[in-house]
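Accompanying notes for the structure given below.
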Amino acid sequence: MDLTQKIISLCKRRGFIFPSSEIYGGIGGVYDFGPLGVELKRNIKKVWWEVMMREENMIGLDSGILLNPRVWQASGHLTAGFADELVECKSCHKRFKADEVASNKCPECGVKLTKPRKFNLMMKTFVGPVEDESSTTYLRAETCQGIFVNFLNILNSMRLKVPFGVIQIGKTFRNEITTKNFIFRTREFEQMEMELFCHPKEADKLFDYWKEQRLKWYQNFGIKKENLRMKEVPKEERAHYAKRQIDIEYHFPFGWEEIEGIHNRGDFDLSNHAKHSGEDLKYFDEEKGEKFFPYIVETSVGVERPLFAFLAEAYQEVKGGRTKTTKAAKEVEVLLKLHKSLAPIKVAVLPLVRNKPELVKKAKEIYNLLRPHFTCQYDELGSIGRRYRRQDEIATIFCLTCDFQTLEDDTLTIRNRDTMAQERVKIKDLVNVLKEKLAN
Ligand code: GAP
């Protein structure tokens, strides 16, 4: 089994990620995040938001998924700018991205393919009770358009001077021709975008600053430097709005692929929205008496690609078991070494055995004590070794074991996921000790 298959299997087995609508045979390119996946996703979004918000002049926004369809005319998404070339098999009618098929024969059944034609990726829907052209709109294909069309609102309400940045996290939809590699390319995903409005002369400098910041972010949360690289995208391959584009690529289990895009969008968006809406979207610098369309430097990433990368990076198999007991000798134990800020469960509370009511009662008291402070699990099923392994597999940072000594002196052991070292701590100190250990 390759690493992607192992991750898919772990995600399904342990409640990270499920195929959407599975009991009806699924729906292509959509995934549901289970109890652990939703925590991991929330943690990724949290650390992204917090790091972004530490920057000067950074503010947040939560705009609608549905926008006036004229937004997408102005943005270039309804024209050739946002279309892939597809080819179709003349026999099985399966469609493929033209640049992904090696010959003009169908990869599935070997029959001839049609000539390439443009296929727009916007997801169509209707607003209101009548389904006609006038009520047609689209689910957003990038979150940043909601930021651009709010430029005046933000400027007027927040009294900001350039350069300032607006960040947003939210659902995005693209009717991708082919979806593949698990959650790498899906039709529904979440984007985390930052749009920095600046003077045109400052754009190059800020672009360089942000590409470094974003590279550091991955490394700070557990991605190895050698698994990241930057690709300067040549003009003919750039997005239709980009004056300059760098793709941050990650060495996924299936090869090097884009994880995030850094774009200098120039004044493409504001000038086009000004033209289409008739509003004056220029910025006026009172001190210099200068009026101009700010340039936009963008960092844009889906939540799912880093999530996949963090899982791939954290996944380890230990042959013969981590504790090297004879029982474990034939087993392969999985250890998921996610960064402590990302791990879905921070603490698991385990009574040493479950057939001693006093121990179970004590362990439940400790679980209740910790629940308001940390994401916790209580687990009493199976041997203690097996329970440690179950927690290692889902990246739980600490396992707390309630044993017979706990009943005598109100202490318990804290086991560290990565070192397996155990230390005894007084219950009354527990919350503070754990908070300290989990702090960055
Ligand atoms: N606003 C700019 C923009 O949307 P993009 O390069 O089209 O740029 C940015 O997308 C990021 O969004 C990608 O680097 C990737 O992380 C994520 N992304 C794009 N399409 C995706 C898809 N079909 N499935 C999952 N993530 C996707």
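Nothing in this text is a laboratory measurement; each read-out follows from the coordinates by a stated rule. Given the structure is predicted, the values throughout are model-derived calculations rather than measurements. Positions of Cβ are generated from backbone atoms using ideal geometry, with glycine treated the same way; all protein chains shown enter the neighbour counts.
Output the peptides 307-320, 24-37 sorted from most to least packed, where packing is the average of other Cβ atoms within 10 Å over each peptide's residues. Present the calculation step by step, with values, prior to reporting the outcome.
Details: 307-320: 18.5, 24-37: 15.4.
In descending order of packing, they fall as 307-320, 24-37.
Could you tally the net charge around residue 104, taking each other residue with its Cβ under 9 Å from the Cβ of residue 104, Lys/Arg +1 and Asp/Glu -1?
Details: positive: 105, 112, 115; negative: none.
Net charge around residue 104: +3.
Report the FRET efficiency, 1/(1 + (r/R0)^6), for residue 280 and residue 30, where r is their Cβ-Cβ distance and R0 is 41 Å, rounded to 0.05.
On the way: r = 41 Å, r/R0 = 0.99.
Using R0 = 41 Å, I get an efficiency of 0.50.
For residue 316 and residue 160, compute 0.36 nm times the residue count separating them, minus their Cα-Cα distance, and round to one decimal in nm.
Numbers: separation 156, 0.36 × 156 = 56.16 nm, distance 4.70 nm.
Full extension of this stretch gives 51.5 nm more.
Using Cβ counts within 10 Å as a stand-in for footprinting exposure, how do 426, 211 rank, fewest first?
Numbers: 426 11, 211 17.
Listed from fewest to most nearby Cβ atoms, that is 426, 211.
Measure nothing but the geometry: give the 0 to 90° angle between the long axis through the Cα atoms of 3-13 and the longest principal axis through the Cα atoms of the chain, rounded to 10°.
70
If we count every other residue with Cβ under 13 angstrom of residue 435's Cβ, Lys/Arg +1 and Asp/Glu -1, where does the sum land? Don't skip to the end; give the middle numbers.
Details: positive: 340, 346, 437; negative: 429, 436.
My count for the surroundings of residue 435 gives +1.
Between 0 and 90 degrees, rounded to the nearest ten: what's the tilt of helix 357-370 against the longest Cα principal axis of the chain?
Here the helix axis deviates by roughly 30 degrees.
Sort 112, 201 so the one with the fewest other Cβ atoms within 10 Å of its own Cβ comes first. Before the final figure, lay out the partial values.
Details: 112 12, 201 9.
Taking fewest neighbouring Cβ atoms as first place, the list is 201, 112.
Would you compute, from DSSP H runs of 4+ residues alone, the mean residue ellipticity of the chain at 222 nm, taking -39500 (n - 2.57) per run and dividing by the full residue count, rounded to the nearest 500?
Working: 12 runs with 128 residues, N = 440.
Mean residue ellipticity at 222 nm (helix-derived): -8500 deg cm²/dmol.
Stretch residue 422-residue 9 to full length: gain in nm at 0.36 nm per residue minus the Cα-Cα span? Present the calculation step by step, with values, prior to reporting the outcome.
Working: separation 413, 0.36 × 413 = 148.68 nm, distance 3.01 nm.
Additional length available on full extension: 145.7 nm.
Counting other C-beta atoms within 10 Å, which of 400, 67 has the fewest, and how do the rest follow?
Details: 400 24, 67 17.
Ordered by Cβ neighbours within 10 Å, fewest first: 67, 400.
So, counting K/R as plus one and D/E as minus one, what does the shell of residues with Cβ under 12 Å around residue 64 add up to? Show your work: numbers first, answer last.
Working: positive: 140, 171; negative: 62.
Value of the local net charge: +1.
Please compute P(r) over all alpha-carbon pairs of segment 1-108, binned at 5 Å starting from zero, and give each bin as a whole-number percent.
2, 8, 9, 10, 12, 17, 19, 14, 6, 2, 1, 0
Multiply the residue gap between residue 219 and residue 438 by 0.36 nm, knock off their C-alpha separation, and tell me the result in nm, one decimal place. Can you show the working numbers first?
Details: separation 219, 0.36 × 219 = 78.84 nm, distance 1.82 nm.
Extending this stretch completely gives an extra 77.0 nm.
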